[in-house]
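Read through the structure below, which is laid out as C-alpha coordinates, and then see the notes.
The values are calculated or read from the model by the stated rules, or taken from the named source; none is laboratory data. Here the structure is a predicted model, which is why all the values come from computation and not from measurement. Here the Cβ is made from the backbone with ideal geometry for all residues, glycine too, and neighbour counts use every protein chain on show. Accessible surface is based on the protein model in full, side chains and every heavy atom, while ligands, DNA and RNA are left aside. Shrake-Rupley method; radii C 1.70, N 1.55, O 1.52, S 1.80 Å.
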Amino acid sequence: MTPTDPTAPAPGAGTDPSTAPEAVARAFEELYGSAPEGVWAAPGRVNLIGEYTDFNEGSVMPLALPHTVVAAVSRRTDGVLRLHSANAPDPAAALVELRTAELAPRSGGGWAAYPAGVLWALARAGHRAVLDGADVHLASTVPTGAGLSSSAALEVATALALDELYALGLDRPGLARLAQQAENAYVGVPCGVMDQMASACCVPGHALHLDCRDLSTRQVPFDLGAHGLRLLVVDTRVQHALGDGAYAERRAGCEQGARELGVSHLRDVPYDTLPDALARLGDERVRRYVRHVVSDEQRVAQVTALLGAGTPEALRAIGGVLTAGHHSLRYDLRVSCPELDLVVGVANAAGAHGARMTGGGFGGSALVLVEESAAPVVGDAVRAAFDRAGHRAPRIFDATPSAGARRLG
Ligand code: ADP
Ligand code: MG
(Lines give C-alpha, C1' and ligand atoms only; values in the text may rest on other atoms or scores of the structure.)
(Ligands and ions follow the chains in the order given, each with its own letter.)
Protein backbone atom coordinates (compact mmCIF):
# COMPACT_ATOMS: atom_id res chain seq x y z
CA MET A 1 0.00 0.00 0.00
CA THR A 2 1.29 3.48 -0.81
CA PRO A 3 1.80 5.43 2.39
CA THR A 4 -0.71 8.25 2.66
CA ASP A 5 0.17 11.76 3.68
CA PRO A 6 -0.52 11.61 7.40
CA THR A 7 -2.27 14.95 7.41
CA ALA A 8 -4.52 14.29 4.42
CA PRO A 9 -7.67 13.25 6.30
CA ALA A 10 -7.12 15.76 9.12
CA PRO A 11 -10.42 17.45 9.89
CA GLY A 12 -10.53 20.99 11.17
CA ALA A 13 -6.97 21.85 10.23
CA GLY A 14 -7.64 25.50 10.86
CA THR A 15 -9.16 26.22 7.48
CA ASP A 16 -12.77 25.22 8.06
CA PRO A 17 -14.79 27.73 5.97
CA SER A 18 -17.41 28.02 8.72
CA THR A 19 -14.78 29.79 10.86
CA ALA A 20 -13.84 32.36 8.20
CA PRO A 21 -14.43 35.79 9.79
CA GLU A 22 -17.14 36.73 7.29
CA ALA A 23 -18.99 33.48 7.95
CA VAL A 24 -18.81 33.93 11.72
CA ALA A 25 -19.97 37.55 11.40
CA ARG A 26 -22.87 36.43 9.19
CA ALA A 27 -23.89 33.75 11.68
CA PHE A 28 -23.75 36.38 14.45
CA GLU A 29 -26.04 38.67 12.45
CA GLU A 30 -28.53 35.87 11.77
CA LEU A 31 -28.59 35.04 15.46
CA TYR A 32 -28.68 38.49 17.05
CA GLY A 33 -30.11 40.66 14.27
CA SER A 34 -27.21 43.04 13.65
CA ALA A 35 -23.58 42.81 12.54
CA PRO A 36 -20.95 42.25 15.26
CA GLU A 37 -18.67 45.11 16.26
CA GLY A 38 -15.70 42.86 15.59
CA VAL A 39 -14.35 39.35 15.08
CA TRP A 40 -11.41 37.89 17.01
CA ALA A 41 -9.55 34.58 16.98
CA ALA A 42 -7.44 32.72 19.52
CA PRO A 43 -5.59 29.44 18.83
CA GLY A 44 -5.24 26.11 20.56
CA ARG A 45 -1.70 25.01 21.36
CA VAL A 46 0.63 22.09 21.73
CA ASN A 47 3.42 22.09 24.24
CA LEU A 48 6.75 21.08 22.71
CA ILE A 49 8.48 20.43 26.03
CA GLY A 50 8.10 21.21 29.75
CA GLU A 51 5.12 19.28 31.13
CA TYR A 52 3.73 19.78 34.65
CA THR A 53 6.42 22.42 35.07
CA ASP A 54 4.10 25.44 34.86
CA PHE A 55 2.60 25.21 38.35
CA ASN A 56 6.10 24.56 39.68
CA GLU A 57 6.94 28.06 38.35
CA GLY A 58 9.26 26.50 35.78
CA SER A 59 9.48 26.84 32.01
CA VAL A 60 7.38 25.54 29.14
CA MET A 61 7.61 25.84 25.38
CA PRO A 62 4.24 25.80 23.66
CA LEU A 63 3.42 26.75 20.09
CA ALA A 64 0.10 27.96 18.69
CA LEU A 65 -1.81 25.72 16.30
CA PRO A 66 -3.58 26.91 13.15
CA HIS A 67 -6.79 25.76 14.82
CA THR A 68 -8.67 28.65 16.40
CA VAL A 69 -11.75 29.68 18.30
CA VAL A 70 -13.31 32.60 16.42
CA ALA A 71 -15.51 35.02 18.36
CA ALA A 72 -17.86 37.62 16.88
CA VAL A 73 -18.78 40.08 19.61
CA SER A 74 -20.80 43.27 20.22
CA ARG A 75 -21.28 45.27 23.39
CA ARG A 76 -24.66 45.65 25.05
CA THR A 77 -25.89 48.27 27.51
CA ASP A 78 -28.40 46.35 29.63
CA GLY A 79 -26.20 44.03 31.70
CA VAL A 80 -27.05 40.94 29.66
CA LEU A 81 -24.48 38.45 28.38
CA ARG A 82 -25.62 36.25 25.51
CA LEU A 83 -23.31 33.42 24.51
CA HIS A 84 -23.75 31.15 21.52
CA SER A 85 -21.42 28.45 20.20
CA ALA A 86 -21.63 26.56 16.93
CA ASN A 87 -19.62 23.82 18.70
CA ALA A 88 -21.44 23.50 22.00
CA PRO A 89 -21.03 19.98 23.44
CA ASP A 90 -24.83 19.82 23.73
CA PRO A 91 -26.48 21.62 20.78
CA ALA A 92 -29.63 22.11 22.88
CA ALA A 93 -27.54 24.37 25.15
CA ALA A 94 -25.83 26.29 22.33
CA LEU A 95 -27.39 29.61 23.38
CA VAL A 96 -27.04 30.80 26.97
CA GLU A 97 -28.31 34.09 28.37
CA LEU A 98 -27.00 35.43 31.68
CA ARG A 99 -27.16 38.63 33.70
CA THR A 100 -23.64 39.94 34.30
CA ALA A 101 -24.50 41.14 37.82
CA GLU A 102 -25.47 37.59 38.77
CA LEU A 103 -22.36 35.75 37.55
CA ALA A 104 -21.06 33.55 40.34
CA PRO A 105 -18.06 31.20 40.46
CA ARG A 106 -18.76 27.50 40.09
CA SER A 107 -22.38 28.14 39.27
CA GLY A 108 -22.32 25.57 36.46
CA GLY A 109 -23.44 26.67 33.03
CA GLY A 110 -21.56 24.01 31.07
CA TRP A 111 -19.44 25.34 28.24
CA ALA A 112 -20.70 28.90 28.78
CA ALA A 113 -18.86 29.05 32.11
CA TYR A 114 -15.58 29.58 30.23
CA PRO A 115 -16.52 32.84 28.44
CA ALA A 116 -18.81 33.95 31.29
CA GLY A 117 -15.91 33.38 33.68
CA VAL A 118 -13.76 35.70 31.59
CA LEU A 119 -16.27 38.54 31.91
CA TRP A 120 -16.54 37.83 35.63
CA ALA A 121 -12.73 37.84 36.06
CA LEU A 122 -12.41 41.13 34.16
CA ALA A 123 -15.08 42.77 36.33
CA ARG A 124 -13.53 41.39 39.51
CA ALA A 125 -10.18 42.87 38.47
CA GLY A 126 -11.82 46.30 38.38
CA HIS A 127 -12.79 46.46 34.70
CA ARG A 128 -16.41 47.03 35.58
CA ALA A 129 -17.36 48.44 32.19
CA VAL A 130 -17.77 44.88 30.94
CA LEU A 131 -20.78 44.48 33.25
CA ASP A 132 -22.75 46.36 30.55
CA GLY A 133 -22.79 42.99 28.79
CA ALA A 134 -22.12 41.53 25.36
CA ASP A 135 -23.45 39.33 22.59
CA VAL A 136 -20.99 36.59 21.62
CA HIS A 137 -21.07 34.00 18.85
CA LEU A 138 -18.30 31.42 18.65
CA ALA A 139 -17.13 28.96 16.01
CA SER A 140 -14.10 26.76 16.48
CA THR A 141 -11.73 24.36 14.76
CA VAL A 142 -9.88 23.43 17.97
CA PRO A 143 -10.71 19.82 18.88
CA THR A 144 -12.14 19.82 22.41
CA GLY A 145 -10.77 17.62 25.16
CA ALA A 146 -7.80 16.57 22.99
CA GLY A 147 -5.23 18.29 25.19
CA LEU A 148 -4.97 21.09 22.63
CA SER A 149 -6.49 23.74 24.93
CA SER A 150 -9.79 24.56 23.32
CA SER A 151 -10.79 25.95 26.72
CA ALA A 152 -7.95 28.49 26.79
CA ALA A 153 -8.63 29.45 23.16
CA LEU A 154 -12.26 30.09 24.06
CA GLU A 155 -11.27 32.19 27.07
CA VAL A 156 -8.58 34.20 25.31
CA ALA A 157 -10.74 34.95 22.26
CA THR A 158 -13.43 36.26 24.61
CA ALA A 159 -10.95 38.19 26.74
CA LEU A 160 -9.32 39.90 23.77
CA ALA A 161 -12.69 40.87 22.29
CA LEU A 162 -13.88 42.40 25.57
CA ASP A 163 -10.53 44.11 26.13
CA GLU A 164 -10.65 45.81 22.74
CA LEU A 165 -14.38 46.63 22.69
CA TYR A 166 -14.33 48.08 26.20
CA ALA A 167 -10.88 49.67 25.68
CA LEU A 168 -9.50 48.08 28.85
CA GLY A 169 -5.87 48.39 27.76
CA LEU A 170 -4.74 45.03 29.11
CA ASP A 171 -1.48 43.57 27.83
CA ARG A 172 -1.25 39.97 26.63
CA PRO A 173 0.11 38.46 29.87
CA GLY A 174 -2.58 40.37 31.76
CA LEU A 175 -5.28 38.92 29.51
CA ALA A 176 -3.82 35.44 29.94
CA ARG A 177 -3.78 35.74 33.74
CA LEU A 178 -7.42 36.82 33.80
CA ALA A 179 -8.39 34.00 31.44
CA GLN A 180 -6.60 31.57 33.75
CA GLN A 181 -8.48 33.03 36.74
CA ALA A 182 -11.72 32.46 34.85
CA GLU A 183 -10.85 28.78 34.46
CA ASN A 184 -9.44 28.35 38.00
CA ALA A 185 -11.92 30.32 40.05
CA TYR A 186 -15.07 30.47 37.94
CA VAL A 187 -15.12 27.17 36.05
CA GLY A 188 -13.21 25.42 38.84
CA VAL A 189 -10.38 23.78 36.86
CA PRO A 190 -6.98 24.12 38.56
CA CYS A 191 -4.90 24.69 35.37
CA GLY A 192 -1.59 26.53 35.14
CA VAL A 193 -1.12 29.63 32.99
CA MET A 194 0.67 28.07 30.02
CA ASP A 195 -2.36 27.47 27.82
CA GLN A 196 -3.70 30.99 28.08
CA MET A 197 -0.23 32.52 27.63
CA ALA A 198 0.36 30.41 24.52
CA SER A 199 -2.98 31.37 23.02
CA ALA A 200 -2.43 35.05 23.85
CA CYS A 201 1.26 35.48 23.04
CA CYS A 202 2.46 33.07 20.33
CA VAL A 203 3.65 34.35 16.96
CA PRO A 204 3.87 32.42 13.67
CA GLY A 205 7.03 30.43 13.02
CA HIS A 206 8.07 30.42 16.68
CA ALA A 207 7.74 28.42 19.85
CA LEU A 208 7.15 30.47 22.99
CA HIS A 209 9.67 30.06 25.78
CA LEU A 210 7.64 30.98 28.84
CA ASP A 211 8.95 31.39 32.36
CA CYS A 212 5.91 30.64 34.49
CA ARG A 213 7.34 32.49 37.51
CA ASP A 214 7.34 35.98 36.06
CA LEU A 215 5.50 35.29 32.77
CA SER A 216 8.51 36.56 30.82
CA THR A 217 8.50 35.23 27.27
CA ARG A 218 10.96 34.68 24.47
CA GLN A 219 9.97 33.90 20.90
CA VAL A 220 12.19 31.03 19.73
CA PRO A 221 12.41 30.58 15.93
CA PHE A 222 10.97 27.20 15.08
CA ASP A 223 11.14 26.47 11.38
CA LEU A 224 11.25 22.72 11.00
CA GLY A 225 10.10 22.83 7.38
CA ALA A 226 13.26 24.65 6.33
CA HIS A 227 15.22 21.64 7.58
CA GLY A 228 13.03 18.95 6.05
CA LEU A 229 11.35 18.07 9.35
CA ARG A 230 7.75 17.87 10.49
CA LEU A 231 6.17 17.93 13.92
CA LEU A 232 2.99 15.84 13.91
CA VAL A 233 0.18 15.97 16.43
CA VAL A 234 -1.48 12.61 17.00
CA ASP A 235 -4.82 13.10 18.74
CA THR A 236 -5.59 9.72 20.28
CA ARG A 237 -9.26 10.74 20.72
CA VAL A 238 -9.35 9.13 24.13
CA GLN A 239 -9.61 10.90 27.46
CA HIS A 240 -9.46 8.64 30.50
CA ALA A 241 -11.58 9.76 33.42
CA LEU A 242 -8.62 9.36 35.77
CA GLY A 243 -7.25 12.73 34.62
CA ASP A 244 -8.97 15.21 36.95
CA GLY A 245 -8.02 13.81 40.33
CA ALA A 246 -4.59 12.78 39.08
CA TYR A 247 -3.68 16.36 38.16
CA ALA A 248 -4.50 17.62 41.64
CA GLU A 249 -2.62 14.68 43.17
CA ARG A 250 0.54 15.39 41.12
CA ARG A 251 0.27 19.05 42.03
CA ALA A 252 -0.01 18.29 45.73
CA GLY A 253 2.93 15.86 45.47
CA CYS A 254 5.10 18.53 43.84
CA GLU A 255 4.16 21.02 46.56
CA GLN A 256 5.08 18.47 49.20
CA GLY A 257 8.45 17.91 47.48
CA ALA A 258 9.15 21.65 47.40
CA ARG A 259 8.26 21.97 51.10
CA GLU A 260 10.51 19.08 52.08
CA LEU A 261 13.37 20.52 50.05
CA GLY A 262 12.90 23.98 51.59
CA VAL A 263 12.15 25.82 48.33
CA SER A 264 9.04 27.75 47.36
CA HIS A 265 8.66 25.82 44.09
CA LEU A 266 10.46 22.89 42.43
CA ARG A 267 11.73 25.35 39.84
CA ASP A 268 14.27 26.36 42.50
CA VAL A 269 15.94 22.93 42.52
CA PRO A 270 18.89 23.15 40.07
CA TYR A 271 19.28 20.14 37.82
CA ASP A 272 22.86 19.49 38.94
CA THR A 273 21.67 19.13 42.55
CA LEU A 274 18.96 16.61 41.65
CA PRO A 275 20.70 13.49 43.06
CA ASP A 276 21.19 15.29 46.40
CA ALA A 277 17.61 16.50 46.43
CA LEU A 278 16.25 13.03 45.69
CA ALA A 279 18.33 11.53 48.49
CA ARG A 280 16.66 13.92 50.92
CA LEU A 281 13.13 12.83 50.04
CA GLY A 282 11.57 9.99 51.97
CA ASP A 283 8.48 9.32 49.89
CA GLU A 284 9.12 7.28 46.73
CA ARG A 285 6.17 8.88 44.95
CA VAL A 286 7.30 12.44 45.71
CA ARG A 287 10.81 11.50 44.62
CA ARG A 288 9.48 10.44 41.21
CA TYR A 289 7.49 13.65 40.79
CA VAL A 290 10.48 15.80 41.73
CA ARG A 291 12.70 13.87 39.31
CA HIS A 292 10.21 14.47 36.52
CA VAL A 293 9.78 18.20 37.12
CA VAL A 294 13.46 19.01 37.62
CA SER A 295 14.56 16.91 34.64
CA ASP A 296 11.82 18.29 32.38
CA GLU A 297 12.95 21.79 33.27
CA GLN A 298 16.38 20.71 32.07
CA ARG A 299 14.83 19.35 28.86
CA VAL A 300 13.27 22.76 28.17
CA ALA A 301 16.78 24.23 28.44
CA GLN A 302 18.12 21.50 26.13
CA VAL A 303 15.47 22.07 23.46
CA THR A 304 15.97 25.83 23.69
CA ALA A 305 19.69 25.35 23.13
CA LEU A 306 19.14 22.96 20.22
CA LEU A 307 16.70 25.34 18.53
CA GLY A 308 19.18 28.15 19.15
CA ALA A 309 21.99 26.17 17.51
CA GLY A 310 19.67 25.70 14.55
CA THR A 311 21.82 23.18 12.70
CA PRO A 312 20.22 20.18 10.95
CA GLU A 313 21.79 17.86 13.54
CA ALA A 314 20.65 19.97 16.49
CA LEU A 315 17.04 20.08 15.28
CA ARG A 316 16.97 16.32 14.83
CA ALA A 317 18.47 15.85 18.30
CA ILE A 318 15.31 17.44 19.74
CA GLY A 319 13.64 14.09 19.02
CA GLY A 320 15.67 12.26 21.65
CA VAL A 321 14.80 14.91 24.23
CA LEU A 322 11.11 14.49 23.46
CA THR A 323 11.29 10.72 23.91
CA ALA A 324 13.20 11.12 27.18
CA GLY A 325 10.45 13.49 28.30
CA HIS A 326 7.85 10.88 27.47
CA HIS A 327 9.60 8.23 29.53
CA SER A 328 9.74 10.61 32.45
CA LEU A 329 5.99 11.33 32.15
CA ARG A 330 5.27 7.63 31.77
CA TYR A 331 7.41 6.12 34.49
CA ASP A 332 8.04 8.95 36.97
CA LEU A 333 4.94 11.14 36.84
CA ARG A 334 2.76 8.26 35.60
CA VAL A 335 0.34 10.39 33.60
CA SER A 336 0.56 8.56 30.27
CA CYS A 337 -1.79 5.83 29.04
CA PRO A 338 -1.59 2.83 26.69
CA GLU A 339 -2.75 4.81 23.63
CA LEU A 340 -0.11 7.53 24.13
CA ASP A 341 2.59 4.94 24.79
CA LEU A 342 1.54 3.16 21.61
CA VAL A 343 1.96 6.33 19.53
CA VAL A 344 5.42 6.96 20.94
CA GLY A 345 6.59 3.35 20.63
CA VAL A 346 5.26 2.81 17.12
CA ALA A 347 6.36 6.21 15.77
CA ASN A 348 9.89 5.74 17.05
CA ALA A 349 10.07 2.17 15.74
CA ALA A 350 8.87 3.42 12.34
CA GLY A 351 11.71 5.92 12.10
CA ALA A 352 10.58 9.09 13.90
CA HIS A 353 13.34 11.16 15.55
CA GLY A 354 11.36 11.16 18.79
CA ALA A 355 7.91 11.50 20.28
CA ARG A 356 6.12 12.25 23.52
CA MET A 357 2.72 12.76 25.01
CA THR A 358 1.84 16.45 25.32
CA GLY A 359 -0.52 18.17 27.74
CA GLY A 360 -1.93 16.71 30.91
CA GLY A 361 -1.96 13.08 29.76
CA PHE A 362 -4.37 10.18 30.36
CA GLY A 363 -5.32 10.55 26.70
CA GLY A 364 -5.25 13.59 24.50
CA SER A 365 -2.44 14.08 22.03
CA ALA A 366 1.16 13.08 21.34
CA LEU A 367 3.83 14.92 19.35
CA VAL A 368 6.05 13.18 16.81
CA LEU A 369 9.18 14.74 15.32
CA VAL A 370 9.82 13.13 11.98
CA GLU A 371 11.76 13.55 8.76
CA GLU A 372 9.43 15.02 6.12
CA SER A 373 10.07 12.02 3.89
CA ALA A 374 9.27 9.55 6.68
CA ALA A 375 6.05 11.24 7.85
CA PRO A 376 3.70 9.19 5.66
CA VAL A 377 5.23 5.88 6.77
CA VAL A 378 5.17 6.89 10.44
CA GLY A 379 1.58 8.15 10.18
CA ASP A 380 0.47 4.90 8.57
CA ALA A 381 2.30 2.82 11.16
CA VAL A 382 0.51 4.65 13.99
CA ARG A 383 -2.87 4.28 12.28
CA ALA A 384 -2.30 0.57 11.65
CA ALA A 385 -1.23 -0.03 15.25
CA PHE A 386 -4.36 1.73 16.53
CA ASP A 387 -6.48 -0.35 14.21
CA ARG A 388 -4.83 -3.59 15.38
CA ALA A 389 -5.28 -2.61 19.03
CA GLY A 390 -8.99 -1.91 18.43
CA HIS A 391 -8.65 1.84 19.14
CA ARG A 392 -10.54 4.51 17.27
CA ALA A 393 -8.57 5.97 14.33
CA PRO A 394 -6.35 8.79 15.63
CA ARG A 395 -6.43 12.26 14.08
CA ILE A 396 -3.03 13.28 12.76
CA PHE A 397 -2.03 16.76 11.62
CA ASP A 398 0.95 19.11 11.44
CA ALA A 399 1.81 21.33 14.40
CA THR A 400 2.57 24.39 12.29
CA PRO A 401 3.64 27.21 14.65
CA SER A 402 0.88 29.74 14.10
CA ALA A 403 -0.33 33.15 15.28
CA GLY A 404 -1.60 33.92 18.77
CA ALA A 405 -4.84 35.77 19.51
CA ARG A 406 -5.71 38.55 17.07
CA ARG A 407 -8.47 40.65 15.62
CA LEU A 408 -9.75 39.30 12.29
CA GLY A 409 -12.27 41.93 11.32
P1 ADP B 1 -9.12 21.15 26.19
O2 ADP B 1 -8.91 22.53 26.70
O3 ADP B 1 -7.89 20.31 26.26
O4 ADP B 1 -9.73 21.11 24.82
P5 ADP B 1 -10.95 21.09 28.38
O6 ADP B 1 -11.72 20.03 29.05
O7 ADP B 1 -10.07 21.96 29.20
O8 ADP B 1 -10.17 20.44 27.16
O9 ADP B 1 -11.99 22.08 27.66
C10 ADP B 1 -12.98 21.56 26.83
C11 ADP B 1 -14.30 22.23 27.16
O12 ADP B 1 -14.25 23.61 26.77
C13 ADP B 1 -15.47 21.67 26.38
O14 ADP B 1 -16.03 20.55 27.05
C15 ADP B 1 -16.43 22.84 26.36
O16 ADP B 1 -17.11 22.97 27.59
C17 ADP B 1 -15.49 24.02 26.25
N18 ADP B 1 -15.28 24.44 24.86
C19 ADP B 1 -14.12 24.48 24.18
N20 ADP B 1 -14.30 24.97 22.95
C21 ADP B 1 -15.61 25.26 22.83
C22 ADP B 1 -16.45 25.81 21.81
N23 ADP B 1 -15.93 26.18 20.63
N24 ADP B 1 -17.76 25.95 22.07
C25 ADP B 1 -18.28 25.59 23.25
N26 ADP B 1 -17.55 25.08 24.24
C27 ADP B 1 -16.25 24.91 24.05
MG1 MG C 1 -8.39 23.04 28.70
*asked:* What does the net charge come to around Gly308 if you take all other residues with beta carbon closer than 14 Å to its beta carbon, with K and R at +1 and D and E at -1?
replied: -1
*Which net charge results when you count Lys and Arg as +1 and Asp and Glu as -1 among the other residues whose beta-carbon is under 15 Å from that of Ala366?*
+3
*FRET efficiency for Arg128 and Asp16, Cβ-Cβ distance as r, R0 = 45 Å, nearest 0.05?*
0.80
_For Arg285, project a label point 7 Å along Cα to C-beta. Then give me every residue of segment 228-242 with its amide nitrogen under 16 Å of that point._
242
*Give, as a single signed number, the net charge of other residues whose beta carbon lies under 14 Å from the beta carbon of Glu284, with Lys and Arg counted +1 and Asp and Glu -1.*
+3
_Carbon and sulfur %, accessible surface of segment 320-408 computed with the full protein complex present, 1.4 Å_ = 54
*Kindly give the semi-axes, whole Å and largest first, of the ellipsoid equivalent to segment 333-403, taking each as the square root of 5 times a Cα gyration tensor eigenvalue.*
18, 16, 11
_Just the number: Rg to Rh for segment 222-398, Cα atoms, Kirkwood Rh, two decimals._
1.01
*So who's got an amide H within less than 5 Å of the one on Leu408, skipping anything under 5 residues away but keeping other chains? H placed 1.01 Å off N, in plane.*
Val39, Trp40, Ala41
*Using only protein heavy atoms and a 1.4 Å probe, report how much of Arg280 is accessible, in Å² to the nearest 10.*
140
*Determine ³J(HN,Hα), in whole Hz, for all residues of segment 108-120 in sequence, where each value follows from phi through the Karplus function 6.51 cos²θ - 1.76 cosθ + 1.60 and θ = phi - 60°; x replaces Gly and Pro.*
x, x, x, 4, 5, 4, 5, x, 5, x, 5, 4, 4
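With the Cα gyration tensor of segment 300-380 in hand, give its eigenvalues times 5 under a square root as the equivalent ellipsoid semi-axes, listed largest first in whole angstrom.
Numbers: eigenvalues 86, 57, 14 Å².
Equivalent-ellipsoid dimensions as semi-axes: 21, 17, 8 Å.
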*segment 18-33 and segment 36-69: distance between their alpha carbon centers, rounded to Å*: 25
*Positive end of the charge dipole of the chain (Lys, Arg +1 and Asp, Glu -1 on Cβ, about the Cα centre): tell me which of Gly228, Thr141, Val269 has its Cα farthest that way.*
Val269
_Computed helical MRE - 222 nm, the chain, DSSP H runs ≥ 4 contributing -39500 (n - 2.57), nearest 500_ = -12000 deg cm²/dmol
*May I ask you to derive the FRET efficiency for Arg26 and Arg334 from their Cβ-Cβ distance with R0 = 41 Å, giving the value to the nearest 0.05?*
0.30
*Assuming 1.567 mPa s and 4 °C, estimate D for segment 133-246 with Stokes-Einstein, Rh taken as the Kirkwood radius over Cα pairs, in µm²/s.*
81
*So what are the radius of gyration and Dmax for the Cα set of segment 229-311, in Å?*
15.9, 43
*What nm distance separates the two modelled labels at Leu274 and Glu97, each placed 7 Å from Cα along Cα→Cβ?*
5.7
*Give the whole-number value, in cubic angstrom per residue, of the convex hull volume spanned by the C-alpha atoms of the chain.*
137
_How would segment 70-121 be classified by its alpha-carbon gyration tensor: rounded, prolate or oblate, with rounded meaning a/c under 1.5 and the a/b versus b/c comparison settling the rest?_
oblate
*Determine the dipole magnitude for the chain: charges of +1 sit on the beta-carbon of Lys and Arg, -1 on that of Asp and Glu, nothing else is charged, the reference point is the Cα centre, and the result goes in debye to the nearest 20.*
380
*Arg218 accessible area, 1.4 Å probe, all protein chains in place, Å² to nearest 10*: 130
